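In what follows, a structure is listed as structure tokens, so that the remarks can point back to it.
Every number in this text was worked out from the coordinates using simple rules, so none of it is lab data. In this text, all values refer to a predicted model and were calculated from it rather than measured experimentally. Positions of Cβ are backbone-derived with ideal geometry, glycine not excepted, and every protein chain shown enters the neighbour counts.
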Amino acid sequence: MNPGMQAARQEALKAALLSLLILAVLLGIWHLATLQPKAVAAPVVALTAEQIEYAKLMGKDPASLAANAATGTSGKSGFPTLSQMGVAIARNLASPFYDNGPNDKGVGLQLAYSLGRVGLGYLLAALVAIPLGFVIGMSPLIYRALDPFIQVLKPISPLAWMPLALYTIKDSAISGIFVIFICSIWPMLINTAFGVAGVRKEWLNVARTLEVKPQRLAFEVILPAAAPTILTGMRISMGIAWLVIVAAEMLVGGTGIGYFVWNEWNNLSLPNVIFAVLVIGIVGMLLDLMFARLQKAVTYVD
Amino acid sequence: MPVFEPTTDLTPSAYDPYDADRPLMLRCGCGADHAPPAHATASLEAEPLGRSFMEAALVKALFPQDRVRRAFLKGVGRRTAMAALGSVLPLASLQAMAEEKKPLEKKELKIGFIPITCASPLIMADPLGFYRQQGLTVQLMKTAGWALIRDKIMNKEVDATHFLSPMPLAISLGLGSAAQAMNVATVQNVNGQAITLANKHKGNRDPKNWKGFKFAIPFEYSMHNFLLRYYLAEAGLNPDTDVQLRVTPPAEMVAILRAGNIDGFLGPDPFNQRAVFEEVGFIHILSREIWDGHPCCAFGVPASFIESNPNTFAALYRSVLTAAAMARKPENRELIAKVISPAQYLNQPEAVLTQVLTGKFADGLGNVRTVPERADFDPVPWQSMAVWMLTQMKRWGYLKGDVNYKQVAEKVFLITDAKKYMKELGQPVPDGAYKKFKVMGKEFDAAKADDYLKSFAISKA
């Protein structure tokens, strides 16, 4: 083993250790912040019948209320402690695919719905954006003609399209997919056009001298040359699509991880919301890693 | 118990089970399944069995020996016998079910709902099997907000829906959406709302001091909006200029109250009680203190659904009315709280729902209050109440120009149908369609709606 590689390894090990340390610190802060303070003195509290009744209705066991008054803890609510969080995670992971009718499904099924929606909207966007990007990239005239439209449409928040989509498409499921479509189309379109326009002139000139047919030119010269840029666009699009799906599903409801968050928010069940947030983060990371791999595969050295 | 109605007063039919002088023959001597006098026609076409046949079959079952039946009838008399049997047998509903031989046009239905206790009857009808009983397979679709409820019913993504009772009026008139004829089959619930304020206002209970407050309401076309505006205007505040009213989905009200974005809300339960349970707010007043017996949510369908699915609509009607009758009884409330609390329905702690439905609750100020009328489920779609909603829409500028109140109310609120099906199910049927009522002490008479509208000091009309 050469010394260079050994140094790199040591570096990676150190980074991993540092990550773990940061995680431990964060969990430690969480634990301390949710720790319930313990009172020193234990005053004797006598409760009237009405107070006991009231406490019961407030979801506090009167027997433990006296104890609570002694220890200084108050009620439930608030941020979950680490152990409550652990219970929530374990419960959700224990049966990720249960199905209690249309309004109550396991987190695994909800994720599948979200991924399906993102996949479909994203695929449709790719089918439109990449060919169109090719055309725009190859023809400066079309590029200039379409540019104002793209510039205006691009910054519109995808959720702003939702009411319009619901009104015109008249179907909330398809509207959700449309929103994914519209938000993931722009980075792909612009990056494809940019990549195609940026193919080195020498390569095109060589192809022309060799009298390569247009189809072959597109697939064997331009596409491989522009591929890294196109994939960057696709990676950005996927990131945005995954951001938007959660918001869209919270708005439209029904199914999906966004609906799961919304439904648990209704119940003010923070442990479940935090669990869903973690799941959304992890899935987003996996999607991004997938595109990073693809990107690596098509990158070339000039 | 169902009211037993004599069916054979005028012309005794061939099956008359209360005729002591004739044998009770249900089948023809030829052995086929028809009555003796109908031998000629029955062999040609299969007649739907009439109501008297149902009764005859039941009496036959009670008195297998005709001799005993005749003796019984001679002994007690025809009317007494009919009344006595009517009190032990659910004849009316059995007959209604038998009449439902008509095929359902659509058996699988989707019904939209918002997860609030207002929707209790249509939600509980699912786990308690009231839809199945009528041959319907229903999928309840939980929906995120009222605007989406409107879009989904207008787009036919759901067949029937739970909505705020002013919504079908607004949709039918094309207010806030394209115009589409909507119908209210039943009111879902009466009362059951409250004004909840943030804990920091515990010392500020007089609405006159509420200038600058921010309130959440579930939707513009909601009783919540109209009741809150009414209440504030009575205290001399102009709801359009003196306070801020924010449209917020019910489910989000507690969360934003906790976050301090609003000072309070007039919202549906269980969120008032949930705010108390979470110790973020207290119940200032129950909505019944503004108008006792006010309607809130309704159950309805687009008019086009009734046209193309009359029998399915009838079955749906019966399911929901059956559920409403059960929900009205105080002794069932704890059971209802249990069946509607799971994640696929309300997704709320049962302890909160029980307080809302039984009316024994903690008010957030340290008192236990007992108000059994806190929530009720009177299904009658009073047309006078529709007229009141229209006057309020005019009062606050949602509805401009002249409106024929009664025409709109009668087109949208199907009180005649409701009464018909209530009668069929043997439920007590109310009189009239324009019941009078009082809002904050002031009587409303639908016949004098225009004078009523003119009587308000704060108004845009």
Inside 10 Å of the C-beta atoms of B:366-379, what's the mean count of C-beta atoms belonging to other chains? 1
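Mind sorting A:V279, A:V206, B:V371 by how few other Cβ atoms lie within 10 Å of their own Cβ, fewest first?
Working: A:V279 22, A:V206 12, B:V371 15.
By the 10 Å Cβ count, ascending, the order reads A:V206, B:V371, A:V279.
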For A:243-251, what's the mean count of beta carbons from other chains sitting within 10 Å of each residue's beta carbon? 1
Jot down the radius of gyration and Dmax of the range B:303-461, Cα atoms only, both in angstrom. 19.1, 54
Ordering of B:200-208, A:104-112 by packing [mean C-beta count within 10 Å, highest first]: A:104-112, B:200-208
Taking θ as phi - 60°, what are the ³J(HN,Hα) couplings along the range B:422-437 by the Karplus curve (6.51, -1.76, 1.60), each to the nearest whole Hz, with x for Gly and Pro? 5, 5, 4, 8, x, 8, x, 10, x, 9, x, 9, 10, 4, 8, 7
Cross-link pairs B:K406/B:K435; A:K170/B:K110; B:K107/B:K329; A:K170/B:K156 - those with Cα-Cα distance over 20 Å: B:K107/B:K329
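Fewest to most neighbouring Cβ within 10 Å: what's the order for A:Y300, B:Y452?
Starting with the residue having the fewest Cβ neighbours, the order is A:Y300, B:Y452.
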If you average over every viewing direction, what projected area does the convex hull of the Cα atoms of the range B:307-371 give, in nm²? 6.1
Could you check the spin-label model distance between B:S308 and A:K14? Points 7 Å from the Cα along Cα→Cβ, value in nm. 7.1
Which whole DSSP H helices in chain A pass both tests: a Cα extent of 30 Å or more along the axis and a mean Kyte-Doolittle value no lower than 1.6? A:107-138, A:172-197, A:270-298
Yeah, the range B:204-262 with a ≥ b ≥ c from its alpha-carbon gyration tensor (a/c under 1.5 is rounded, else prolate when a/b outruns b/c, oblate otherwise) is oblate
In whole Hz and in residue order, list the ³J(HN,Hα) couplings for the range B:170-186 that follow from phi through the Karplus curve 6.51 cos²θ - 1.76 cosθ + 1.60, θ = phi - 60°; x for Gly and Pro. 5, 5, 4, 8, x, 8, x, 6, 5, 7, 8, 5, 10, 10, 9, 7, 9
Just tell me how shielded B:342-352 is by partners: mean number of partner chain Cβ atoms within 10 Å of each residue's Cβ, no decimals. 5
I'd like the distance between the alpha-carbon centres of the range B:152-197 and the range A:1-34, rounded to an integer number of Å. 57
Report the chymotrypsin sites (Phe, Trp or Tyr not before Pro) located in the range B:265-295 that are in a DSSP loop and have at most 12 other Cβ atoms inside 10 Å of their Cβ, or state none. none
Placed amide H near B:N183: partners under 5 Å, 5+ positions off or other chain: B:V301, B:A303
Student exercise, chain A dipole from Lys, Arg, Asp, Glu Cβ charges, in Debye to nearest 20: 620
Just the Cα atoms of the range A:242-302, one point each, no solvent: what log10 I(q)/I(0) does Debye give at q = 0.25 Å⁻¹? -0.98
Test of understanding: express the Cα radius of gyration of the range A:108-251 as a ratio to 2.2 N^0.38 Å, with N the residue count. 1.19
Quick one: 3J(HN,Hα) in Hz for the range B:356-366, Karplus 6.51/-1.76/1.60 with θ = phi - 60°, rounded, Gly and Pro as x. 5, 7, 8, x, 9, 9, 8, 9, x, 10, x
Which value, to two decimals, describes the C-alpha radius of gyration of chain A once divided by 2.2 N^0.38 Å? 1.42
Name the shape class, rounded, prolate or oblate, that the alpha-carbon gyration tensor gives for the range A:152-234, where a ≥ b ≥ c are the square roots of its eigenvalues, rounded holds for a/c under 1.5, and otherwise prolate holds if a/b is larger than b/c and oblate otherwise. prolate
Length gained, A:T81-A:I174, 0.36 nm per residue minus C-alpha separation, equals 29.6 nm
Likely footprinting exposure, B:S319, A:S95, fewest C-beta neighbours within 10 Å first: A:S95, B:S319
